[in-house]
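Data block below; observations after.
The values are calculated or read from the model by the stated rules, or taken from the named source; none is laboratory data. Since we're looking at a predicted model, the values are computed, not measured. Please note: Cβ atoms are built from the backbone with ideal geometry, for glycine as well, and neighbour counts cover all protein chains shown. Each accessible area value is taken on the protein alone, full model and side chains, heavy atoms only, with ligands, DNA and RNA left out. Shrake-Rupley method; radii C 1.70, N 1.55, O 1.52, S 1.80 Å.
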Amino acid sequence: LRLLPQQRHLRTEGAEVSALERKRNVLCCLIARILKVEKQLHMDSLVFRVIDACQKGRLGPGVQFLSFCCHSVDVLSCILHLLNQGYLRRQEGRPHVLEY
C-alpha cells in the first residue's frame, strides 16, 4: 500500500482545454457576428476587427465580456474551422473575401 500525491497536472490540463475551447467559441462568435452584419469582408479586415473587439472586450452592441489576448493566428484558425464547418465561404474568384 502506497500513498501517492494527488495528480494536479490532470486537472490543470482539463482547465487549459476548457479555457481554449471558450476562447475559440468567443472568437467564432465574433467572426459570425461581424460577417452577419457586413455580409462579406476581406479576410485581413475581418482579422483586424476581431482582434480589436477582443482587446476592447466587446462582443457586439451592448454585450461585453472580459477582454483577452488573441493573435491573428488564433483568428485565422477559427476562420478555417468555420470554413470547414460550412458556416463561412470564400467568394468565387476572390478567395480572400469571406461571406457568411
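For the reader, a short list of remarks on this structure follows.
- Single condition Val73 does not satisfy, out of (1) at pLDDT 90 or above; (2) of a type in the set (A, V, I, L, M, F, W, C); (3) surrounded by 12 or more Cβ atoms within 10 Å (Cβ to Cβ): (3)
- Those residues of the range 17-65 which are within 11 Å of the chain's Cα centre (by Cα), open to solvent by 30 Å² or more (accessible area, probe 1.4 Å) and either modelled with pLDDT of 90 or more or of a type in the set (A, V, I, L, M, F, W, C) (or both), in sequence order: Leu20, Val26, Cys29, Ile51
- Failed condition for Arg90, given (1) open to solvent by 60 Å² or more (accessible area, probe 1.4 Å); (2) under 15 Å from the mean Cα position of the chain (by Cα); (3) at pLDDT 85 or above: (2)
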